[in-house]
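For reference, the structure is listed below as structure tokens.
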Amino acid sequence: MLHYNNKYIVLFLITLLSSSQVNALGECGLSCCIGGTNTSGVTLSENFGLSVQYERMNMKTIRRDSQEVSPDDVINQFWSSGSSYAVPTDMLMEKLSLIGAKPLNERWQILGIVPLVRNNMDMRRKMPSGMTMNMTMDEISGLGDITLMGLYTAYTDAPIRAKKRLTLGFGIKTPTGENDIRNPMGNYVHAMMQPGTGSWDPIFMLSYMRAWYPLITQINILYHLSTESDQGYQFGNQLNLDLIARYQVSNYFNLGLAVNAIYAGNDRDHDGLYSQEATSMVDNTNNTGLRSYFVTPSVQYKIPNTGGNLELKYQLPVYQNVHGYQQVTDSRWMATLSWAY
Amino acid sequence: MGLLRYGVFVLLCITSAITYAQGSTATIKLEDYKGRPVSINHVPYKLSVVHFWATWCSPCLRELPQLVKTETKLKELGLGVIYVATDNRDDVQNYLHEQDLGINALLDQYGKAMRHYKIKVLPSSVFINADGNILETHHGPIDWEGQAMRNKLQTLLSR
């Protein structure tokens with residue numbers, strides 16, 4: 001299982017790297033306003049860019065390897081008489097983020113991402129008596145992990161409406177979100193439900209864009225190196241590969257389609273604070289790590305005569321292969337409003 | 001959190017230093033579409049127009065022949081135009097070959113000149129006097145053969 005922060009950073013960068021072309025395409029009326037487009041390849045604005053992003057992820061399906069299993073199948077597999085066993089039945093993870101982008105010069109840009117998270121989970125528990133109960137966990141919300149990134153345009157053939165561009169990125173995910181929230185019984189809430197990871201994680205990125213206007217294609221590779229948190233938990237490292245195509249339908253609309261591949265390694269709970277293997281499917285690092293493929297259609301709208309644009313994305317899984325038993329993503333929505341100043 | 005504050009402080013210092021260094025840059029060195037290096041800060045004209053354009057920008061292409069004609073007419077009075085393309089080399093080369101405008105075009109590959117002159121619209125024209133001072137930046141197309149612009153150029157050239 002991935003921490004929400006990891007998923008979020010990747011999806012945001014995909015948006016950023018693939019969305020900044022819309023303002024510079026095609027016939028542009030009396031004159032071609034390029035405010036809000038990019039000079040370095042990933043710039044949201046000449047001076048400062050701000051985005052507000054809402055993301056909503058639903059997780060219901062449980063898989064063993066790539067096969068779907070029901071919550072009751074998992075309970076019956078692991079419950080033993082005299083003890084209890086819990087599995088998640090429904091998870092809703094939401095995130096509202098403020099993103100600032102500031103170009104430093106024609107090649108460098110810095111980004112800051114400040115997320116607020118809200119996580120909800122329903123569970124089914126089989127009690128020692130053999131009785132099964134459905135329950136809703138307390139909502140977890142708060143500031144997530146702030147990420148700072150530097151993006152460097154290693155090559156571009158033009159400052160705007162480039163046909164070839166190579167961008168490199170390096171970032172740090174900081175441990176600003178809480179990672180030690182406990183439930184009413186005094187135990188740590190599941191690691192992936194915590195607002196933060198508690199670790200300083202480096203992030204590396206490479207992006208190559210090739211355009212045959214009005215068609216733009218892009219490959220992104222992102223590697224998230226997870227480190228051990230102050231509570232001894234270490235999420236699995238994550239590698240993302242994205243193949244993206246965008247097509248300009250009109251001056252103000254882009255349609256996009258992406259294929260996303262995600263590989264995540266197993267988590268490690270060095271101090272055992274989050275692990276309850278005998279009683280919970282979620283609190284078990286054997287049930288972490290996965291390989292997933294998604295398709296992501298998107299639509300982007302440039303708000304006329306402004307530096308603003310709106311993008312909607314819907315991500316659907318096409319193949320998921322998990323280690324052990326895991327609840328997986330069934331769908332993910334994302335809406336982003338960006339403004340260039 | 002102490003370490004985080006320190007990290008943010010260091011980042012702000014680096015940002016400020018880079019921004020300051022960028023603001024104090026005096027010379028813009030670009031290449032022309034044939035790969036020859038050119039500096040656009042020191043030009044030997046009484047009045048220079050640094051003109052930003054692109055082959056994908058229709059208003060730019062409508063304006064460009066007019067500007068070339070104007071430059072030809074007023075060259076002897078001291079007008080010089082520096083054509084800065086915010087475009088890739090192949091497209092610029094093909095366009096200039098097809099149109100046979102007889103101009104050289106510089107390539108602003110990484111947007112250095114655009115940032116320096118704060119260009120946010122194409123086409124744009126920056127008027128610079130012989131001392132290298134920016135007199136005016138015009139965002140959007142210009143009717144170069146219109147009476148108003150002709151008068152303006154005459155005035156600037158007669159200073």
Helix-only CD estimate at 222 nm, as mean residue ellipticity for the protein assembly as shown, using -39500 (n - 2.57) per DSSP H run (n ≥ 4): -6000 deg cm²/dmol
Using θ = phi - 60° and Karplus 6.51 cos²θ - 1.76 cosθ + 1.60, couplings along the range A:205-213 (whole Hz; Gly, Pro as x): 9, 9, 9, 10, 10, 9, 10, 10, 3
Kirkwood Rh, angstrom, the range B:18-157 [1 / mean 1/r, Cα pairs]: 15.3 Å
Probe 1.4 Å - accessible area at B:H116, Å² to nearest ten: 70 Å²
Hz values of 3J(HN,Hα) by residue in the range A:334-341 - Karplus curve (6.51, -1.76, 1.60), Gly and Pro given as x: 8, 10, 10, 10, 10, 9, 9, 10
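Pop out the carbon and sulfur fraction of the accessible area of the protein assembly as shown as a percent, whole number, probe 1.4 Å.
That fraction is 57 percent.
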Average beta-carbon neighbours from other chains, 10 Å sphere, peptide B:53-60: 6
Proximal charge balance of A:I62 [Cβ under 14 Å; K/R count +1, D/E count -1]: -3
DSSP bridge pairs, the protein assembly as shown: antiparallel proportion in percent, nearest 5: 95 percent
Protein accessible surface hidden between A and B, which excludes ligands and nucleic acids, total in Å², probe 1.4 Å: 2800 Å²
Ellipsoid semi-axes in whole angstrom, largest first, where each is sqrt(5λ) of the Cα gyration tensor of the range A:183-269: 37, 15, 10
Helix A:4-19 vs. chain A, principal-axis angle (Cα, 0 to 90°, nearest 10): 20 degrees
Inter-chain shielding of B:138-145 (mean C-beta neighbours from other protein chains, 10 Å cut-off): 1
Fraction of the pair-distance distribution of chain A above 33 Å, Cα-Cα pairs, percent: 29 percent
Whichever lysines have a C-alpha closer than 26 Å to that of A:K126, once near sequence neighbours (fewer than 8 apart) are set aside: A:K60
Stokes-Einstein D (µm²/s) once Rh is taken as the Kirkwood radius of the range A:52-181 over alpha-carbon pairs, at 10 °C in 1.306 mPa s: 86 µm²/s
Inter-part distance where the range A:52-91 and the range B:99-120 are each reduced to a Cα centre, Å: 58 Å
Reachable lysines from B:K73, criterion Cα separation under 28 angstrom, eight or more residues apart if same chain: B:K29, B:K34, B:K46, B:K152
The range A:118-235: proportion of alpha-carbon pairs further apart than 22 angstrom, %: 56 percent
Cβ neighbours within 10 Å from other chains - mean over A:99-110: 4
Accessible area expressed per residue, the range B:18-157, with surrounding protein chains retained (probe 1.4 Å, Å²): 47 Å²
Of A:K102/B:K69; A:K95/B:K120; A:K163/A:K313; A:K164/A:K313, pairs whose Cα-Cα distance is over 31 Å: A:K102/B:K69; A:K95/B:K120
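The values are calculated or read from the model by the stated rules, or taken from the named source; none is laboratory data. Note that this is a predicted model, so its numbers are computed, not measured. Every residue, glycine as well, gets a Cβ built from its backbone with ideal geometry; the counts of neighbours run over all protein chains shown. Each accessible area value is taken on the protein alone, full model and side chains, heavy atoms only, with ligands, DNA and RNA left out. Shrake-Rupley method; radii C 1.70, N 1.55, O 1.52, S 1.80 Å.
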